[in-house]
1. What are the residue pairs meeting all of these: first residue in segment 159-181, first residue open to solvent by less than 100 Å² (accessible area, probe 1.4 Å), second residue of a type in the set (S, T, N, Q), Cβ atoms under 9 Å, and 6 or more apart or on different chains?
2. Kindly provide the set of residues from segment 154-194 that are among the basic types (Lys, Arg), over 30 Å from Ala79 (Cβ atoms) and part of a helix (DSSP H, G or I), ordered by number.
3. Which residues, counting only those in segment 42-67, are part of a helix (DSSP H, G or I) and among the polar types (S, T, N, Q)?
4. Against the definition (touching a residue at least 40 places away in the same chain (Cβ under 8 Å), open to solvent by 40 Å² or more (accessible area, probe 1.4 Å) and part of a helix (DSSP H, G or I)), how does Val151 come out, yes or no?
5. Say whether the condition of being open to solvent by less than 80 Å² (accessible area, probe 1.4 Å), at pLDDT below 90, in contact with a helix residue (DSSP H, G or I) (Cβ under 8 Å, 6 or more places away or on another chain) and not in a strand (DSSP E or B) is met by at least one residue in segment 105-128.
6. Select from segment 129-141 the residues that are buried (at least 16 other Cβ atoms within 10 Å of the Cβ), in contact (Cβ under 8 Å) with a residue 60 or more places away in the chain and in contact with a helix residue (DSSP H, G or I) (Cβ under 9 Å, 6 or more places away or on another chain) and list them in ascending order.
Amino acid sequence: MSFFPEFSHKQNWLQRFLSKAPQQKDNEELIRLRMALNAIPRPLWQRDAQQNLIWVNDTYAEFLNTDPAQVIAQQKELASKSAKGAENDDRSPGRELAVRALKGGKTQEVRAHAVVKGSRLLMRLTEIPLMPLRMTLGIAYNITREEELEVSLRRHQSSSRELLAQLRSAIGIYSDDQRLEFYNPAFAQLWGLE
């Protein structure tokens, strides 16, 4: 029998609370981490050792016009392997990347097209191996603007070359290492290159 029954009751409560505190602290940290990952405006996902999706953030689900639980249940991928996005091609470049990332222990990336909210986007998919867990963490970047700029640059270069080829003045364009990259017919005639 205790001389301080009120104190011993509080001490028992404090011991029970402290024994639960680490678990509660871990849960709170997990909740904070999930909230932070869901706030990232890029699709994120996690795969298990069999390359199945086991977690996706809200942005991933929004890209597919669904919720994270549906994505996991249906194993919906952002992009298909097919260059034209054929419906019957259910192979995912993400799954193949995850296999390579886990086998090699190195981050893997690929560019793939995805249809997101009715728009065709070029995505850079990245799978990062989490070797101790035998899992991968994935992230997708929308690089459609880069693709548009590359196409525009190629068109501009092509039209510039066509224009330079039509000029009667001899024109030669050299690279940084002094190699002849382009010459027009007048240049070839002047220097006897043809």
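The values are calculated or read from the model by the stated rules, or taken from the named source; none is laboratory data. None of these values were measured; they are calculated from a predicted model. Don't worry about glycine lacking a Cβ; one is built from the backbone with ideal geometry, like all the others, and counts go over all protein chains shown. These area figures cover heavy atoms from the full protein model, side chains too; ligands, DNA and RNA do not enter into them. Shrake-Rupley method; radii C 1.70, N 1.55, O 1.52, S 1.80 Å.
1. Between residues of segment 159-181 that are open to solvent by less than 100 Å² (accessible area, probe 1.4 Å) and residues that are of a type in the set (S, T, N, Q), the close pairs are Leu164/Asn184; Ala165/Asn184; Leu167/Asn184; Ser169/Asn184; Ala170/Asn184; Ala170/Gln189; Ile171/Asn184; Gly172/Asn184.
2. Arg161
3. Within segment 42-67, just Thr59 meets the criteria.
4. No; evaluated as a whole, the condition is false for this residue.
5. no
6. If the condition is that a residue be buried (at least 16 other Cβ atoms within 10 Å of the Cβ), in contact (Cβ under 8 Å) with a residue 60 or more places away in the chain and in contact with a helix residue (DSSP H, G or I) (Cβ under 9 Å, 6 or more places away or on another chain), then Met135, Thr136, Gly138, Ala140 are the ones that fit.
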